[in-house]
Amino acid sequence: MTATTDTFTTVADWAEDLNRDTASWDARGEFPREKWKAIQRSGILAVPFDPRYGGRGHSLTETMRALEGLGHTCRDAGLSFSTSTQIVSVGLVLQAFGDAELKAAYLPRIISGELITAHAITEPGNGSDATGITTTARRDGDDYVLDGEKMFITNAPVADLILLYVRTGAPGPLGLSCFLVERDTPGLRIGEPLDKMGLRTSPLGAVTLDGVRVPASRRVGREGAGFLILDHIMKREILLSFSITLGEMAHRLDRCVRQAKTRTQFGQPIGAFQAVSHKVADMKIAVETARKWLYDTGAKVEAGEDAAIDVAATKTVVSEANLRTALDAVQIFGGAGYLTATGVEADVRNAVGGTIYSGTNEVQRNRIASLLGLRPTTSQGVRRD
């Protein structure tokens with residue numbers, strides 16, 4: 001049994017805990033801390049990290065495979081989304097760019113899930129345009145003083161540790177830097193969770209910085225390296241979070257096949273009707289197309305190849321396939337699909353967010369066009385909502 005298969009088995013072993021009272025948690029829009037304990041015990045948070053800090057040392061594509069398994073197992077999409085954010089937001093950034101002191105201080109507790117993390121990029125006036133960040137960090141002796149506001153930050157209301165992308169230099173991508181800030185730092189205020197359409201158990205909130213004093217030792221990477229770090233991590237964020245989406249899509253396909261075989265109308269299974277069978281066939285095509293885009297792109301990123309177009313296309317293809325197949329599932333389940341009890345309608349609500357977070361699909365298309373030599377007039381920035 002390979003290590004990656006073992007990760008799948010471990011997550012599957014916790015299916016009962018991960019899926020307990022999912023509809024109730026979703027209706028309340030609360031972060032399910034009891035379920036977070038199951039995520040911790042499953043070991044999935046450790047998959048891509050260095051064993052020196054408690055990780056399992058798996059590759060990017062192996063981690064994608066593990067998170068696909070989480071998506072297939074866990075019906076709480078918000079919890080899965082917060083899990084991918086936990087892995088990506090601070091952990092992978094620290095592993096790639098943090099110094100030895102920062103890694104030793106924080107990575108073990110991030111990997112164990114003791115510390116919940118978030119990364120704050122989006123601002124009220126700057127969504128997809130990450131180069132337009134206006135939150136500032138001013139050097140003052142051995143410290144930096146941070147001022148500004150961040151918005152739509154996943155995990156913020158429950159985060160113990162936040163990675164802040166702020167401006168330390170001139171306008172543009174070369175003036176950004178990253179800082180680690182703990183929740184109880186004076187001047188840091190975290191807003192109440194925002195009520196939202198989908199992914200309701202993954203808390204979303206604002207972060208306000210009012211004279212937040214941070215030691216220079218908490219800067220991750222060199223000053224001005226923020227956009228490089230962001231570019232590095234956004235590739236992995238898209239690949240990992242949408243690997244979860246792939247698992248969710250595959251689970252949805254399984255459900256729809258069963259429904260098409262067992263639900264009868266007019267004296268025969270509904271799968272005998274071409275209108276239904278074609279929806280299921282298209283769903284299978286969508287799942288396998290998403291799988292190919294994800295793992296081919298993951299292999300290119302892992303090999304250090306230029307994958308800018310591939311990542312943008314992958315995000316667009318998978319997010320739109322997820323929304324389309326979720327809507328088709330509602331039709332296949334009919335009236336039952338419209339009820340909250342089946343969980344099918346929640347798939348639609350959750351899928352809408354995928355076309356927005358990690359850079360809207362409109363931005364992804366602009367980026368592809370720009371990389372092909374065209375010159376769209378809108379921003380090429382990226383964001384994480």
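The values are calculated or read from the model by the stated rules, or taken from the named source; none is laboratory data. Nothing here was measured: the structure is a model prediction, and the numbers come from that model. Don't worry about glycine lacking a Cβ; one is built from the backbone with ideal geometry, like all the others, and counts go over all protein chains shown. Heads up: the accessible areas ignore ligands, DNA and RNA and are worked out on the full protein's heavy atoms, side chains in. Shrake-Rupley method; radii C 1.70, N 1.55, O 1.52, S 1.80 Å.
Near residue 54, within a Cβ-to-Cβ distance under 14 Å, what is the net charge of the other residues, with Lys and Arg +1 and Asp and Glu -1?
Values: positive: 41, 52, 56, 103, 109; negative: 50, 114.
The answer is +3.
Given the options 339, 70, 253, state which has the largest fluctuation in a GNM of the chain using a 10 Å cut-off (strictly under) for Cα springs.
Judging by the Gaussian network model, the answer is 339.
For the chain, what relative contact order do you get, as a whole percent, if you take Cα pairs closer than 8 Å and at least 6 residues apart? Spell out each step's value before the answer.
On the way: 732 pairs, mean separation 66.1, N = 385.
Reported relative contact order: 17 percent.
Give the accessible surface of the range 7-56 per residue, rounded to a whole number of Å², with probe radius 1.4 Å and ligands, DNA and RNA excluded.
Details: 2480 Å² over 50 residues.
Here the residues of the range 7-56 average 50 Å² of exposed surface.
Compute the relative contact order of the range 1-140 as a whole-number percentage, counting only Cα pairs closer than 8 Å that sit 6 or more residues apart in sequence.
Working: 141 pairs, mean separation 32.3, N = 140.
Rounded, it is 23 percent for the range 1-140.
Just tell me which lysines come within less than 23 Å, Cα to Cα, of residue 300; anything on the same chain fewer than 8 places away is out.
235, 292, 315
For the chain, with a Gaussian network of springs between Cα atoms less than 10 Å apart, report the residue from 246, 374, 230 with the top mean-square fluctuation.
374
Given charges of +1 on the Cβ of Lys and Arg and -1 on the Cβ of Asp and Glu, with all other atoms neutral, how large is the dipole of the range 248-322 about its Cα centre, in debye to the nearest 20? Numbers along the way, then the final one.
Values: 11 positive and 10 negative charges, 133 e Å.
Charge dipole of the range 248-322: 640 debye, to the nearest 20.
Of the options 151, 61, 133, report the single residue whose Cα projects farthest towards the positive end of the charge dipole of the range 60-170 (beta-carbon charges: Lys, Arg +1; Asp, Glu -1).
Checking the options against the dipole of the range 60-170, the answer is 61.
Using alpha-carbon pairs under 8 Å, 6+ residues apart, how would you state the relative contact order of the range 226-385 in percent? Present the calculation step by step, with values, prior to reporting the outcome.
Values: 157 pairs, mean separation 34.9, N = 160.
Relative contact order, the range 226-385: 22 percent.
I need the calculated FRET efficiency for the pair residue 300 and residue 105, taking r as the beta carbon distance and R₀ as 35 Å, to the nearest 0.05.
0.60
Roll a 1.4 angstrom probe over the protein heavy atoms and tell me the percent of accessible area of the chain that is carbon or sulfur. Don't skip to the end; give the middle numbers.
Working: 8460 of 15900 Å².
Roughly 53 percent, rounded to a whole number.
How far apart, in nm, are two points set 7 Å out from the Cα along the Cα-to-Cβ line at residue 340 and at residue 291?
A separation of 3.4 nm, rounded to one decimal place.
At most 15 other Cβ atoms within 10 Å and a DSSP loop assignment: could you name the GluC sites (Glu not before Pro) in the range 257-320 that fit? Intermediate values should be presented prior to the final figure.
On the way: sites: 288, 302, 305, 320; in loops: 305.
Those satisfying the criteria are 305.
Which of 226, 327, 107 sits closest to the plus end of the dipole of the chain, meaning its Cα is farthest towards the positive end, when Lys and Arg get +1 and Asp and Glu get -1 on the C-beta?
Farthest towards the positive end: 327.
Please give the calculated 222 nm ellipticity per residue for the chain, where each DSSP H segment of at least 4 residues contributes -39500 (n - 2.57) and the sum is spread over every residue; nearest 500 deg cm²/dmol? Spell out each step's value before the answer.
Working: 13 runs with 188 residues, N = 385.
Computed mean residue ellipticity for the chain: -16000 deg cm²/dmol.
Of the residues 306, 129, 26, which exhibits the maximal mean-square fluctuation in a Gaussian network model of the chain defined by a 10 Å Cα contact cut-off?
Result: 306 has the largest fluctuation of those listed.
Treating the beta-carbon of each Lys and Arg as +1 and of each Asp and Glu as -1, no other charges, what is the dipole magnitude of the chain about its Cα centre, to the nearest 20 debye?
Working: 44 positive and 46 negative charges, 124 e Å.
With Lys and Arg at +1 and Asp and Glu at -1, about 600 debye.
Assign unit charges at the C-beta atoms only (+1 for Lys and Arg, -1 for Asp and Glu), then state the dipole size of the range 164-302 relative to its Cα centre in Debye, rounded to the nearest 20. Could you put the intermediate results ahead of the total?
On the way: 21 positive and 14 negative charges, 74 e Å.
For this selection, approximately 360 debye.
Might you tell me the accessible area per residue for the range 317-369, computed with a 1.4 Å probe and given in Å²? Walk me through the numbers before you get to the answer.
Numbers: 2120 Å² over 53 residues.
Value for the range 317-369: 40 Å² per residue.
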